[in-house]
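Scroll down for the structure; my scribbles are underneath it.
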Amino acid sequence: MCTAITYQPRELYMGRSLDYEASYGEEIVMLPRRFPLRFRHGGGSEQGYAILGTAHVADGYPLYYDAVNEKGLGIAGLNFVGNARYAAPQDGRQNVAQFEFIPWLLRQCATLAEARQLLQAVNLTGTPFSLHFPAAQLHWLLADATGALTLEPTAAGLQIYENPVGVLTNNPPFPQQLFALNNYMHLSPRQPENTFAPDVPLQAYSRGMGALGLPGDLSSGSRFVRAAFTKLHSVCGESEADCVGQFFHIMETVSQTRGCCEVAPGEFERTIYTSCWNAARGIYYYTTYGNRRITAVDLHREPLDGTALRRYPMLTAEDILMQNGGADA
Ligand SMILES: C[C@H](CCC(=O)NCCS(=O)(=O)O)[C@H]1CC[C@H]2[C@@H]3CC[C@@H]4C[C@H](O)CC[C@]4(C)[C@H]3C[C@H](O)[C@]12C
């Protein structure tokens, strides 16, 4: 499972959690403007916008999970197993294999409006990257500071939905996830009033009772509602650190603790990493299951006009500051 959100207290922050039982070996990967990209079904580009995100690099190719470009357009791919359908390559159309979708899009689009335009013509194919990597069944959250879209590849082609809450999880398809919010319209960060039976002496005996009924389990549908409620009521401070910290707090409400979701005997899903980028500044922050210290890679400290990928393996060891009893104590 995974959850992706946008969060825009002022500037736009966007990111995702990746929940899985195993890691493929994720790295923070910067693709510079002049990295030559060849597309599987023809064509390529010698240059375009620089991209920063999480990828698994295979044979020198960045298989991106989520990323942002230097213009602030960002995207995250999440599992959509059982519902994603890709097409076969077709003559006369722009054929893009799903594994090259993120670099293909972020390389050439500066804005959501440009992306929306370009997506009209795309034919997303199920072409596998290699025998080792069959096509992942995904859907995507795509956003810039003007808004967010959900992209779902179906048998009828790529469905493009406005995403007014800026949240995406896995199944069911996005329209059903969004519809489910209707069931929770009574939830509130304020204490409830007794409309149940005013003549019965009911009391709000604990804080937080306005959100009683917010689903607490780990299913996709429940994480969607919980992330939306938390994000939409989130209040955050002014500084970059305040906003980034608050973003990770929102994501903690949907994080997976090893042991609570068994996917095979003795195998458990966990939140392998959580990312958060400041779209305008091109700073990519992340935490991992093992290391909760926020680590960052800044696109603008990289050689943007380069030709070679720049790679930073994710840090996965806990980094605990011992505050007393040190050498100089
Ligand atoms: C497994 C992850 C989703 C986690 C998730 O949601 N787990 C819950 C299952 S459930 O939905 O709740 O049942 C997904 C998310 C992004 C994916 C990569 C995208 C690039 C590349 C595309 C290629 O085609 C295949 C290899 C490739 C490296 C992909 C591997 C894998 O597929 C990744 C990591």
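The values are calculated or read from the model by the stated rules, or taken from the named source; none is laboratory data. Small disclaimer: the values here were computed from a predicted structure and weren't measured. All Cβ positions, even for glycine, are placed from backbone atoms using ideal geometry, and neighbour counts span all protein chains on display. Side chains are part of the model used for accessible areas, which takes the heavy atoms of the whole protein and leaves out ligands, DNA and RNA. Shrake-Rupley method; radii C 1.70, N 1.55, O 1.52, S 1.80 Å.
Here are the numbers:
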{"read-out": "Net length gained if the chain between A22 and V235 were fully extended (0.36 nm per residue, minus Cα distance)", "value": "73.3 nm"}
{"read-out": "Helix-only CD estimate at 222 nm, as mean residue ellipticity for the chain, using -39500 (n - 2.57) per DSSP H run (n ≥ 4)", "value": "-4500 deg cm²/dmol"}
{"read-out": "Accessible area in square angstrom per residue, the stretch 2-323, 1.4 angstrom probe", "value": "48 Å²"}
{"read-out": "Hydrodynamic radius by Kirkwood, which averages 1/r over all alpha carbon pairs of the chain, in angstrom", "value": "20.9 Å"}
{"read-out": "Global form of the stretch 40-140, assessed from the alpha-carbon gyration tensor, a/c cut-off 1.5", "value": "rounded"}
{"read-out": "Stretchable slack from A121 to A308, in nm (0.36 nm times residue separation minus alpha-carbon distance)", "value": "64.4 nm"}
{"read-out": "Solvent exposure, largest accessible area first (probe 1.4 Å, DNA, RNA and ligands not counted), of T111, T288", "value": "T111, T288"}
{"read-out": "Q137 long-range amide H proximity, modeled H, under 5 Å", "value": "F80"}
{"read-out": "Options A145, A22, Q90, ranked by Cα towards positive dipole end of the stretch 2-323, top entry (Cβ charges)", "value": "Q90"}
{"read-out": "Prolate/oblate/rounded label for the stretch 265-315 (Cα gyration tensor, a/c 1.5)", "value": "prolate"}
{"read-out": "Gain upon complete extension [T154, R34; 0.36 nm per residue less C-alpha separation]", "value": "39.9 nm"}
{"read-out": "Rg and Dmax of the stretch 200-329, Cα atoms only, in Å", "value": "19.4, 72"}
{"read-out": "Electrostatic dipole magnitude of the chain [Cβ: Lys, Arg +1; Asp, Glu -1; Cα centre; debye, to 20]", "value": "480 debye"}
{"read-out": "Formal net charge of residues neighbouring C243 (Cβ-Cβ distance under 9 Å; K, R +1; D, E -1)", "value": "-3"}
{"read-out": "HN-Hα J in Hz across the stretch 123-129 - Karplus 6.51, -1.76, 1.60, θ = phi - 60°, x for Gly and Pro", "value": "10, 7, 9, x, 3, x, 5"}
{"read-out": "Globularity ratio of the stretch 133-256, using Cα Rg and 2.2 N^0.38 Å", "value": "1.28"}
{"read-out": "Dipole in debye (nearest 20) - the stretch 1-137, about Cα centre, beta carbon charges: Lys, Arg +1; Asp, Glu -1", "value": "400 debye"}
{"read-out": "Total formal charge among the other residues, if their Cβ is under 11 angstrom from that of Y61, Lys/Arg +1 and Asp/Glu -1", "value": "0"}
{"read-out": "Förster radius 30 Å - calculated FRET efficiency between R190 and E252 (Cβ-Cβ, nearest 0.05)", "value": "0.85"}
